[in-house]
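Working notes, beginning with the structure itself.
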Amino acid sequence: MKPVKIENIEMLSFESLNSFDDIFNFVTTRNGAVAGDPYSSFNLGVHSGESLDRVLAHQEMLRKAIGIAQGHFILPRQVHGCGVAIVDHHFLNLSLDDRKVAVSQADALLTDIPEVCIGVTTADCVPVLLYDPVKRCIAAIHAGWRGTVQHIVSLTVRRMVAHFGVSPSDIYAAIGPSISCEQFEVGDEVYDAFKSSYANVGKLSVRHPVTGKYHIDLWQANRIDLCDAGVPATHIEIAGLCTKAHSDRFFSARALGVKSGRFISGIFLRR
């Protein structure tokens, strides 16, 4: 990933998506961490437990820095499910309250409207960005372990096919910073959920020789889902950055606690 700094906001962007001039993609960072403060210094999660005013102020700083108009910076509610919401002109004309309802059960957003930024907030879960340069449409996906076992990524690709008429072979995908297999120790109930959902769970999991606990590879699971949905393996970029191992740079619920910050992975189409 490539470091980006706009108006003192430190971000990263995906090299594969950077090759397209008509989109902008980003992943925010903690923008400087203060010891003992799990919300420092650039928390963007409105449901993280921090002061809402401060979080909204940070989101406003980000919106202005990337040049997005007010009301065109859209984040879903995220319920660890597999709901997909479409941000179209009808959505943009809704009242603020109706907008909240429209994305209240969504963990993925789609749009083909230029200069509308869609994104997801994470702190160990997997953010995935999709782009089809042919139909010029984008997606932002929050794939926690629950969303992953429900195959939210492949469901989103199918929704792009149905709504925008895309060919999956045209899609480019970027899997963002999130918890690594090495750090993602799970209980038997989580392992069993993956075993029920994936035919060859052995490709996604390892058992620690000392603890006996399973570790799940969420990056690989989502890569498999993308490939199964028809996205070429050569079109998939994996950041390979573990949020727990690098909690000084990214928010991590496992490292910092549930009451800690969230970062945003986002994308928008340029005109």
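The values are calculated or read from the model by the stated rules, or taken from the named source; none is laboratory data. Since the model is a prediction, treat every value here as computed from it, not as a measurement. Note that each Cβ is placed from the backbone with ideal geometry, even for glycine, and that neighbours are counted across all protein chains shown. These accessible areas exclude ligands, DNA and RNA; they are computed on the full protein's heavy atoms, side chains included. Shrake-Rupley method; radii C 1.70, N 1.55, O 1.52, S 1.80 Å.
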How large is the translational diffusion coefficient of the chain in µm² per second when you combine the Kirkwood radius over alpha carbon pairs with Stokes-Einstein at 20 °C and 1.002 mPa s? 115 µm²/s
At R0 = 25 Å the Cβ-Cβ FRET efficiency linking L94 and E189, nearest 0.05, sits at 0.05
I need the shape label for the range 122-271. Rule: rounded when a/c is under 1.5, else prolate if a/b > b/c, else oblate, with a, b, c from the alpha carbon gyration tensor. oblate
Taking a probe of 1.4 Å and leaving out DNA, RNA and ligands, the chain shows per residue an accessible area in Å² of 43 Å²
Calculated from DSSP helices alone, with each H run of at least 4 adding -39500 (n - 2.57) and the total divided by the residues of the chain, [θ]222 nm to the nearest 500 comes to -7500 deg cm²/dmol
Shape category assigned to the range 89-166 from the gyration tensor of Cα positions, a/c cut at 1.5: oblate
If you take the square roots of the eigenvalues of the alpha-carbon gyration tensor of the range 175-260 and sort them as a ≥ b ≥ c, do you get rounded (a/c under 1.5), prolate (a/b over b/c) or oblate? oblate
Sorting check: for 225-233, 243-251, which peptide has the highest mean count of neighbouring beta carbons within 10 Å, and how do the rest follow? 243-251, 225-233
Summing Lys, Arg as +1 and Asp, Glu as -1, what charge do residues with Cβ under 13 Å from the Cβ of R136 carry, R136 excluded? -3
Share of carbon and sulfur in the accessible heavy-atom surface of the chain [1.4 Å probe, %]: 50 percent
Once you list every other residue whose beta carbon is under 13 Å from the beta carbon of A253, what net charge do they have if Lys and Arg are +1 and Asp and Glu are -1? +3
